[in-house]
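The values are calculated or read from the model by the stated rules, or taken from the named source; none is laboratory data. Remember, it's a predicted structure, so these values are computed and weren't measured experimentally. All Cβ positions, even for glycine, are placed from backbone atoms using ideal geometry, and neighbour counts span all protein chains on display. These accessible areas exclude ligands, DNA and RNA; they are computed on the full protein's heavy atoms, side chains included. Shrake-Rupley method; radii C 1.70, N 1.55, O 1.52, S 1.80 Å.
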Amino acid sequence: MTSPLVHALSGERIEFDSPAGRLSYYVEGNGPPLLLVHSVNAAASAAEVRPLHEHFRRTRTVFSIDLPGYGFSERSDRAYTPALMTQALHAMTAVIRQRCGEQPVDALALSLSSEFLARAAMEQPHNFRSAALVSPTGFNGTQDKRRGPPGSTLYLPWLMKALRGPGWGGAVFRSLTRPGVIRFFLNKTWGSRDIDETLWRYDVLTARQPGAEFAPLHFLSAALFSRDIHNVYDTLQLPVWMCHGVRGDFTDYRRKTTLQGRSNWRVNVFQTGALPHFEIPALFCSTYEAFLGSAGAASHAAPSITAS
């Protein structure tokens, strides 16, 4: 019997209906709004932003969303696309502005969700003051430039058909979310066996909820990767902070050289895996706070690419 899902974060958990389906988010603290967006994988949820939620609730009104298909948000059998995820972020910013007023929002996203945040900021730039992209996708040096038609994706229908094949679709997902397999992938994310055990336990739990397989199967078939993301990144005019680590499976950021000369981008490299806020929370948060402090001021300097 599956254990019921428990809250991933402190604070109040609220659900609301939106064009992206029923969404859930956690809110806590007071001050200017900060939106935190977890990554997309087989067992994702708002649990992935826990260190940031706990730190920034002291000075900010922090909103941590469960994206469609994850956590307490709707997990129905439907098409999971960048457009759906972006729609969820638009709905979330509308909720934030209702609660906090018409001020623009600072937002931070992990990994593939950086693509959704970038698209949301491109489509509704007035809603965002800054964007932080932690271990973002789309900067792999071996990858062809992703400059496809607007809204296009890397979706592989044949792979989705195989993943959802009769009799084995559910078995594929269950095999990928066994406790040992989840630990294996977290080890690859950290580049170390010294993972966050609380996150591992929550990943195991959330991957066993009804409907947990639908969004991850779209992720595995590349339906959530934008073919036009390089064009999207190029359009961003707001202050952007990008950071990544040097260990594990997510360390190829050779395409970040394309950011040279863009005054609105700042890049930091941490001596960590792909989730530096778990490994070095104090340094990560102080670096991000320094960026937030300067985000409102216009800068004409070249972006800073440094190692921390």
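Using a Förster distance of 45 angstrom, determine the FRET efficiency expected from the C-beta separation of R178 and Q98, and round it to 0.05.
That gives a FRET efficiency of 0.65.
Net charge within 14 Å of F128 by Cβ-Cβ distance, Lys/Arg positive one each and Asp/Glu negative one each, not counting F128 itself?
Charge balance near F128 sits at 0.
Relative to the compact-globule scaling 2.2 N^0.38 Å, provide the ratio for the alpha-carbon radius of gyration of region 45-104.
1.25
Which residue, chosen from S64, S263, F139, occupies the Cα position most advanced towards the positive end of the dipole of the chain, where the dipole is computed from +1 (Lys, Arg) and -1 (Asp, Glu) charges on Cβ about the Cα centre?
Checked the options; the winner is F139.
Between rounded, prolate and oblate, where does region 49-180 land on the alpha carbon gyration tensor, with a ≥ b ≥ c its root eigenvalues, rounded for a/c under 1.5, else prolate if a/b exceeds b/c?
prolate
Please state the charge dipole magnitude for region 149-277, taken about the Cα centre, from unit charges on C-beta atoms (+1 on K and R, -1 on D and E), reported in debye and rounded to the nearest 20.
Charge dipole, region 149-277, about its Cα centre: 180 debye, nearest 20.
For region 1-46, which chymotrypsin sites (Phe, Trp or Tyr not before Pro) pass both filters: DSSP loop (anything but H, G, I, E, B) and at most 15 other C-beta atoms within 10 Å?
Nothing satisfies the criteria.
How high is the relative contact order of the chain, in percent, with contacts defined as C-alpha pairs under 8 Å that are six or more residues apart?
20 percent.
If Lys and Arg each add +1 and Asp and Glu each add -1, what is the summed charge of the other residues whose beta carbon sits under 11 Å from the beta carbon of T235?
In short, -2.
Treating only the Cβ of Lys, Arg, Asp and Glu as charged (+1, +1, -1, -1), what charge dipole size does region 11-116 show about its Cα centre? Round to the nearest 20 debye.
160
Once both axes come from the Cα atoms, what is the angle between helix 113-123 and the longest principal axis of the chain, in degrees from 0 to 90, rounded to 10?
60
Roughly what % antiparallel, to the nearest 5, for the DSSP beta bridges in the chain?
30
Once the dipole of the chain is set up with Lys and Arg at +1 and Asp and Glu at -1 on Cβ about the Cα centre, which of A222, L112, A207 lies farthest towards its positive end?
Towards the positive end, the residue furthest out is A222.
Nearest 20 debye, what's the magnitude of the dipole of the chain about its Cα centre given +1 on Lys and Arg Cβ and -1 on Asp and Glu Cβ?
520
Show me the trypsin sites (Lys or Arg not before Pro) within region 71-135 that DSSP assigns to loop and that have at most 16 other Cβ atoms within 10 Å of their Cβ.
Those that pass, being in a loop and sparsely packed, are R78.
In Å², what does the accessible area per residue of the chain work out to with a 1.4 Å probe?
41
Below 8 Å, C-alpha to C-alpha, sequence gap of six or more: please give me the relative contact order for region 1-137 in percent.
24
What is the percent carbon and sulfur in the accessible area of the chain, measuring with a 1.4 Å probe over the protein chains and ignoring ligands?
56
If you filter region 154-203 for trypsin sites (Lys or Arg not before Pro), then keep DSSP loop positions with at most 10 other Cβ within 10 Å, what is left?
Sites meeting the loop and neighbour criteria: R193.
Could you tell me the convex hull volume per residue, in Å³, taken over the Cα atoms of the chain?
For the chain, the hull spanned by Cα atoms encloses 123 Å³ per residue.
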